[in-house]
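The structure appears right after this line, and notes come after that.
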Amino acid sequence: MSMTITEKIIAKAAGCEHVQPDENVWINVDILLTHDICGPGTIGVFKREFGDTAKVWDKNKVVIIPDHYIYTKDEKAHRNVDTLRDFAKEQDLPYFYDPGTISYKGVCHDALPQEGHVRPGEVIFGTDSHTCTHGALGAFSSGIGNTDAGFVMGTGKLLIKVPKTLRFNINGEKPDYITGKDIILRIIGDIGVDGATYCAMEFRGDTISKMSIEERMTICNMAIEAGGKNGIIEPDDKAIEYIKSKTGQPFEALYSDPDCSVEKDYDYDVSSFVPCIAEPHLPSKYAPASERSDVKIDHAYIGSCTGGKITDFIMAAKILKGNRVSVDTFLVPATVEVAEGLITESIDGKSLVEIFAEAGCIDIAPPSCAACLGGPEDTFGRTKNNEVVISTTNRNFIGRMGSKDAPVYLASPLTVAASAITGKITDPRNFM
Amino acid sequence: MSKIKKITGKVYVLEDNIDTDLIIPAIYLNLVPTIPEEYDKLGSYALSGLPENFDDFIAKGETKSEFTIIIAGRNFGCGSSREHAPICLGAAGTIAIVAESYARIFFRNSVATGEVYPLESTERLRDKFQNGDLAEIDMDNATITKTDTNETFQLKSLGAVAPVIEAGGIFEYARKEGMIT
Ligand code: SF4
């Protein structure tokens, strides 16, 4: 019986020949990811259920990447990182990326593949809904809560329902002004915030093959914004090469059978796409950027797992080079590697750091989640009062970036940069 | 969440797409649910992300809610995987949610923790109830009855998760199944 890539990975992890959608199976987990927001609670569940002296099922498979509340004076936030630190020591965990040390990385979803923990054909669970990002490299990767994560920590297993697959066939010549973010916002706009609930979202097609790994991650990252269980892209040569540059560990890439059946196919031709935004307060509120040019903004934000990668900053720099921003513009690289890239990457002999400084952006913050989820009061870029925000992040729920009264528009780095210049929502083609 | 037959109490009514930032704003995510005082604190902030024009879910000066049943529209609990969301509702005193549909992770977290019963309605009940109405849920027959009019509405059966709910969460279920000791 033929299977999709998602079904194949689950079948392999369940030790069965074949699985089908809606079947419940116990599967073996390859990587458990947690961070400072959900790690302490996960550890609490693990100890409560398995005992104070219990050991994690496999110390090489537990990856702890603190990233959410790092640059804050909030005492509980520090206490939580201490809890992780103590646990990593007690369990002798090799993959704890400790803030304040050379091993600190930044946002977990960017650090996980960068450090070689994402491998095709494997099963990743993380205590963060955007764990779906890692499907961009051909893994089955999904977000779970603390209780399930505590269970995985003790047993290395989880009971899951096999998702149906929605397949998005994305073809056509992609114009320069169209980014991964424009593609996924368009899809979520079409299917809605619950359009993929319980389903795997598989992305394929010529356009996807030509995209960078980072742009593929932007797309898979937002599968959860349509309710998806996982986002996934079959690992092509580009993906395999990327993985091999990050890890020497063996892996077995899996692929959909050519004749596999899926719940539904969606066909897109990106040559007709236009730069877009998602209006407050849902990621599904799609609108072409050019049709909202009357919306004034006060605050521009470039950062997060989905919008703070080096490729995102390069896109923003292309627009900002030689221009001045007219609103407060906050830049938060996702990881330390991205922050270094801002210094080493250049456009026409100018580093990105110089381009951003000359454009009048606020000094670049150290890598973390920062205001993507609001965070403690002293978080960099946290929204205030009723300012209007345009952001490369992935959620625009009420209060998501801090203030309940500050509406958030989601957009690509190109659109955010163009809007930062004019102070109004702006189609980036005006600057290209 | 042990086996329970009837849930009675006041209802609180919500819209479609109630996201986890509305249920528990990120500023409170520094609280760790497995620490008892912080569990109670999380409860006191339940649904505090709702805009000001909503009725208080927790009365001023109180730490628990008078509403034991939440009735909502589609896609309840969308957004983050934060388990703080079902936990804060459970800690506030909510016993059951009756929504038209759930976001997957919220539903799963409700079942795994045993904090609240995530029940599904077969029709749009958010238009049939108002804040403060009394209701009774009959778990055996999968129905909810509006006390003052005696109208009864059918709920969906719990399906494949029923054994996990009946066991009291993922750990108890796994113990029953002999997966863990
Ligand atoms: S950057 Fe934002 S969306 Fe990504 S993990 Fe951090 S808080 Fe979540």
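The values are calculated or read from the model by the stated rules, or taken from the named source; none is laboratory data. This structure is a prediction, so every number in the text was calculated from the model and none was measured. Cβ atoms come from the backbone with ideal geometry, glycine included; neighbour counts cover every protein chain shown.
So which of B:ASP140, B:ASP133, B:ASP127 is on the phi < 0 side of the Ramachandran plot and free of Cβ contacts under 8 Å to residues at least 60 places away in the same chain?
Selected residue: B:ASP127, the only one of B:ASP140, B:ASP133, B:ASP127 that is on the phi < 0 side of the Ramachandran plot and free of Cβ contacts under 8 Å to residues at least 60 places away in the same chain.
Criterion first (within 12 Å of the ligand (Cβ to nearest atom), under 22 Å from A:THR218 (Cα atoms) and more than 11 Å from chain B (Cβ to nearest Cβ)) does A:LEU414 satisfy it?
Considered against the rule, which asks whether it is within 12 Å of the ligand (Cβ to nearest atom), under 22 Å from A:THR218 (Cα atoms) and more than 11 Å from chain B (Cβ to nearest Cβ), A:LEU414 comes out as no.
I'd like to verify a number: residues in segment A:47-81 that are more than 16 Å from the ligand (Cβ to nearest atom) and under 22 Å from A:ASP148 (Cα atoms), how many?
Of the residues in segment A:47-81, 16 are more than 16 Å from the ligand (Cβ to nearest atom) and under 22 Å from A:ASP148 (Cα atoms).
So, in segment A:369-412, how many residues would count as being on the phi < 0 side of the Ramachandran plot and assigned to a loop (DSSP other than H, G, I, E, B)?
Number of matching residues: 27.
Quick one: which of A:ILE160, A:ILE188, A:ILE219 is within 14 Å of chain B (Cβ to nearest Cβ) and within 16 Å of the ligand (Cβ to nearest atom)?
Result of the check over A:ILE160, A:ILE188, A:ILE219: A:ILE188.
Which condition number in (1) within 10 Å of chain A (Cβ to nearest Cβ); (2) out of contact with any strand residue (DSSP E or B) (no Cβ under 9 Å at 6 or more places or on another chain); (3) of a type in the set (Asp, Glu) is the one that B:ASP16 fails?
Every listed condition holds for B:ASP16 apart from (2).
Let's see how each residue does on (1) free of Cβ contacts under 8 Å to residues at least 40 places away in the same chain; (2) within 9 Å of another protein chain (Cβ to nearest Cβ); (3) not in a loop (DSSP other than H, G, I, E, B):
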{"position": "B:SER80", "(1), (2), (3)": "no, yes, no"}
{"position": "B:ALA85", "(1), (2), (3)": "no, yes, yes"}
{"position": "B:LEU89", "(1), (2), (3)": "no, no, yes"}
{"position": "B:THR94", "(1), (2), (3)": "no, no, no"}
{"position": "B:VAL98", "(1), (2), (3)": "no, no, yes"}
{"position": "B:PHE106", "(1), (2), (3)": "no, yes, yes"}
{"position": "B:ASN109", "(1), (2), (3)": "yes, yes, yes"}
{"position": "B:ALA112", "(1), (2), (3)": "no, yes, yes"}
{"position": "B:GLU120", "(1), (2), (3)": "yes, no, yes"}
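Does A:ILE364 count as assigned to a loop (DSSP other than H, G, I, E, B) and not small (Gly, Ala, Ser)?
Considered against the rule, which asks whether it is assigned to a loop (DSSP other than H, G, I, E, B) and not small (Gly, Ala, Ser), A:ILE364 comes out as yes.
How many residues, within segment A:249-294, are in contact (Cβ under 8 Å) with a residue 12 or more places away in the chain, under 30 Å from A:ASP30 (Cβ atoms) and more than 14 Å from chain B (Cβ to nearest Cβ)?
Residues meeting the conditions: 17.
For residues that are within 24 Å of B:ASN17 (Cβ to Cβ), within 14 Å of chain A (Cβ to nearest Cβ), in contact with a Gly (Cβ under 8 Å, 6 or more places away or on another chain) and assigned to a loop (DSSP other than H, G, I, E, B), tally how many sit in segment B:34-78.
So the answer is 2.
Considering only segment A:43-65, I want to know if a residue exists there that is in a loop (DSSP other than H, G, I, E, B), within 24 Å of the chain's Cα centre (by Cα), in contact (Cβ under 8 Å) with a residue 12 or more places away in the chain and surrounded by fewer than 22 Cβ atoms within 10 Å (Cβ to Cβ).
Taking every residue of segment A:43-65 in turn, at least one turns out to be in a loop (DSSP other than H, G, I, E, B), within 24 Å of the chain's Cα centre (by Cα), in contact (Cβ under 8 Å) with a residue 12 or more places away in the chain and surrounded by fewer than 22 Cβ atoms within 10 Å (Cβ to Cβ).
Identify, please: which residue in segment A:399-426 is in contact with a helix residue (DSSP H, G or I) (Cβ under 6 Å, 6 or more places away or on another chain) and of a type outside the set (Gly, Ala, Ser) and is, among those, farthest from A:ASP128 (Cα to Cα)?
So, considering only residues that are in contact with a helix residue (DSSP H, G or I) (Cβ under 6 Å, 6 or more places away or on another chain) and of a type outside the set (Gly, Ala, Ser), the one farthest from A:ASP128 (Cα to Cα) is A:THR426.
Condition first: within 14 Å of another protein chain (Cβ to nearest Cβ), at pLDDT 95 or above and either within 16 Å of the ligand (Cβ to nearest atom) or more than 28 Å from A:ARG400 (Cβ to Cβ) (or both). Can you find one or more residues in segment A:96-106 that meet it?
no
So is A:THR133 within 17 Å of A:LYS61 (Cβ to Cβ), β-branched (Val, Ile, Thr) and within 14 Å of chain B (Cβ to nearest Cβ) or not?
no
Select from segment A:320-374 the residues that are surrounded by fewer than 21 Cβ atoms within 10 Å (Cβ to Cβ) and within 16 Å of the ligand (Cβ to nearest atom) and list them in ascending order.
Across segment A:320-374, the qualifying residues are A:VAL336, A:GLU337, A:ALA365, A:PRO366.
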